[in-house]
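One structure is given here, and the rest of the page talks about it.
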Number of protein chains: 2
Amino acid sequence: MSIPGQLNPSPRILLGPGPSDAHPRVLSVMSTPLMGHLDPQFLTMMNEVQDMLRQAFITKNHLTFPISATGMAGMETCMVNLLEPGDKIIVCVKGFFGVRMFEIAQRTGAEVIRLDAPWGSVFDVNQLRDVLTKVRPKVLAIVHAETSTGAWQPLEEVGKLCHEFDTLLLTDAVTSLGCIPVKLDEWGVDAAFSCTQKGLSCPPGLSPVTFSPRAVEAITSRKTKVQSWYLDMGMVQKYWESDRHYHHTAPITMIYAIREGLRLLLEEGLEARWARHQLHHKAIKAGLAALGLDYTADPKHQLPQLNAVKIPAGVDDLTVRKKLLNDFGIEIGGGLGDFKGKVWRIGIMGHNSRANNVLLVLGALEQCLTSVGCKIAPGAGVAAANAAYAG
Amino acid sequence: MSIPGQLNPSPRILLGPGPSDAHPRVLSVMSTPLMGHLDPQFLTMMNEVQDMLRQAFITKNHLTFPISATGMAGMETCMVNLLEPGDKIIVCVKGFFGVRMFEIAQRTGAEVIRLDAPWGSVFDVNQLRDVLTKVRPKVLAIVHAETSTGAWQPLEEVGKLCHEFDTLLLTDAVTSLGCIPVKLDEWGVDAAFSCTQKGLSCPPGLSPVTFSPRAVEAITSRKTKVQSWYLDMGMVQKYWESDRHYHHTAPITMIYAIREGLRLLLEEGLEARWARHQLHHKAIKAGLAALGLDYTADPKHQLPQLNAVKIPAGVDDLTVRKKLLNDFGIEIGGGLGDFKGKVWRIGIMGHNSRANNVLLVLGALEQCLTSVGCKIAPGAGVAAANAAYAG
């Protein structure tokens, strides 16, 4: 029999696609002793979390709460509740997480139409209008912030367009919530899911979801039961919203965490939060350019919080990432799917969107890239970032 | 816009059916900064958790790891991976969680045969032999520790019996792991799921699952895809066991927690852990009897960690539970389903299986019951418990 030793990890700075570092206040509340999932104190806390989530999503949607599992379960929750056999859905694919939505939708028995665009690009409304006209689906699914490419899908016009065709708009907001504007009601988004470990600066473990009244109507008028019992919104809702009917034991500590993460977001203010992400993006972008690293996403649609750059020719992905991790404790992300070994993903999100991290990762990258033979003017990355901050 | 104040709950002592209080060492590790879900340090930790889970389940099952969601998701994981349309399953129902298994199994498209026994009782092997002979199902599902009734289902003979009929034995070990013997390999259990918030003294949020080689073969020879993408063992396994293929972002902090909870279990030793639960059960049982409270479960099959007692005639459930919560910060559980308003469930599990809690809850219950008119000899509960400890 063997028992491993005390938890004693080397410290990390998480500048990948997520998990991003949790805010110290979030870590602190996580050692709070437990309470019961039906304790009146906990029920109050659930209401607070719902209210703050609505503020974060900028929505009045009544049906808004975190699913008791990670972001991918939120994606599945939206799919299995909105779709049943016989329904049609268009899934827009322009990166790894679009593919994910396609795969999960396929398990619902719905007819799934896949619309592809090059990785790193975004869809424009005319493309979407064409396919909506042809297919007239129940749901159109699209990723807001494509974590695999760093591309920022504009959604301002998409909801209105979908509603012309009586189509529900489902959006992956995993990497957008708490980093860039997410204006669900204004844009006419009908269902969205997110996570805790990125913009909200919490550990992974919950997936906030929200459904518009139109989406709720689609759910309540289903002919078949939702194929997942655990993710059945109608059942989970009875615990979160109405008679507090026991469904499963809520992950108490993660609710403490998201409550604190949402408090941090709202104390800062949404506009200030978005502006902070833009500021540090401007700096890291200037710095990465000075290091000779090009972005993968369309420059007009670059996410501030997720900077995906092409690995320079001749440079080995893992050599550099291992050196960053071992010498500096810095984690950045590798590429997913088609981008494996070709792309690095540098996340500057939530609590981690700070000048300290920008300067540090640029300095460390300079050292790592130089060590594998890249020619970089000494200090170029940091100098460019500081110039951007000054300008 | 409103932002709630700092997290500041009144302290609780959780003596219900779970969540039970987390051990202070578990709470402490939960404020450890995050690491990435593909960090070499984290991969090592995953291996450690798997190894310790196998020790806790007393199994050599390779396919053993925690699902990234709560216990009910573990139940669904077992059902959706083992069953596909056309399969037959017998679900043994003798309490609320048997009903749950029945409901979840029904969503798989399998033919579900429900075998009922009175709540509080357990099944004997002859009953099971009869139905296995008639049905010859792919799976037989049974709850080991029925949290709604406190009944302890013997499993020693059930695995062998199932294997005579080429049937897989699926067991709900949510309330048994870390409290009473769970000897999966010796008993021939093919699949089991548990939770973190009971015997393991962690917060809720993960569901350890384990599958025998026979169960794995059933999964790999499926004709259809698993209906849940998030709970698809074949996919999640690629992250936990083989090529570390990204499936979802593991709930890092909860993995820290279960690692610590398992360390605590193995440091104490399984036999010592089980004996401790028996010791404090003997004391609380004597005390509850002295307070005039009768158990709901068959006395020959009473769980030590979950003491379900009948609410005395004329006593209002909520009045007493509210007083316990408000005056003492003590949470005990109400009844579920058929037992709602009729039963209290007193959990003395994991870290909370201690003399302090036994004496405290007996003293507090005496005060609460007396306040609603029950006639109790002063100090009777504590006196009886202390006599049991002395004897």
Inset, instruction - Exactly one condition in (1) within 19 Å of A:Leu200 (Cα to Cα); (2) crowded, with 21+ Cβ neighbours inside 10 Å; (3) free of Cβ contacts under 8 Å to residues at least 60 places away in the same chain is not met by A:His280; state its number. - result: (3)
Legend entry - Hits in the range A:219-245 (condition: in a loop (DSSP other than H, G, I, E, B) and in contact with a Lys or Arg (Cβ under 9 Å, 6 or more places away or on another chain)): A:Lys225, A:Val226, A:Gln227, A:Ser228, A:Trp229, A:Asp232, A:Arg244, A:His245
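For (1) surrounded by 24 or more Cβ atoms within 10 Å (Cβ to Cβ); (2) in a helix (DSSP H, G or I); (3) more than 17 Å from the chain's Cα centre (by Cα), each residue gets a yes or a no:
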| site | (1), (2), (3) |
| --- | --- |
| A:Pro181 | no, no, no |
| A:Thr196 | yes, no, no |
| A:Thr210 | yes, no, no |
| A:Glu217 | no, yes, yes |
Inset, instruction - Inspect the range B:340-356 for any residue being within 17 Å of B:Asp294 (Cα to Cα), free of Cβ contacts under 8 Å to residues at least 24 places away in the same chain, out of contact with any strand residue (DSSP E or B) (no Cβ under 7 Å at 6 or more places or on another chain) and not aromatic (Phe, Trp, Tyr) and give the result as yes or no. - result: yes
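Would you kindly identify the strands (runs of 3 or more DSSP E) lying entirely within the range A:1-119 that contain at least 1 residues that are within 10 Å of chain B (Cβ to nearest Cβ) and surrounded by 21 or more Cβ atoms within 10 Å (Cβ to Cβ)? Explain how you work it out, then say what you get.
Details: elements: A:63-67, A:88-93, A:111-116.
Counting at least 1 such residues, we get A:63-67.
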Legend entry - Failed item, numbered, when B:Val26 is tested on (1) more than 24 Å from B:Val226 (Cβ to Cβ); (2) more than 21 Å from the chain's Cα centre (by Cα): (2)
Inset, instruction - Tell me which residues, restricted to the range A:224-249, are within 7 Å of chain B (Cβ to nearest Cβ) and buried (at least 21 other Cβ atoms within 10 Å of the Cβ). - result: A:Gln227, A:Ser228, A:Trp229, A:Tyr230, A:His248, A:Thr249
Legend entry - Out of B:Met35, B:Met79, B:Met1, B:Met75, sole residue that is of a type outside the set (Phe, Trp, Tyr) and at pLDDT below 95: B:Met1
Inset, instruction - Give the residues of the range A:129-173 that are closer than 13 Å to A:Ile89 by Cβ, in contact (Cβ under 8 Å) with a residue 60 or more places away in the chain and surrounded by fewer than 22 Cβ atoms within 10 Å (Cβ to Cβ), sorted by residue number. - result: A:Lys138
Inset, instruction - Search the range B:318-340 for residues being small (Gly, Ala, Ser) and outside any helix (DSSP H, G or I), and hand back the single one that is surrounded by the fewest Cβ atoms within 10 Å (Cβ to Cβ). - result: B:Gly329
Inset, instruction - Report yes if A:Val315 is buried (at least 22 other Cβ atoms within 10 Å of the Cβ) and without any contact (Cβ under 8 Å) to a residue 60 or more places away in the chain, otherwise no. - result: no
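The values are calculated or read from the model by the stated rules, or taken from the named source; none is laboratory data. Treat the numbers as computed from the prediction; the structure is a model and nothing was measured. Glycine gets a Cβ as well: all are built from the backbone with ideal geometry, and neighbour counts include every protein chain shown.
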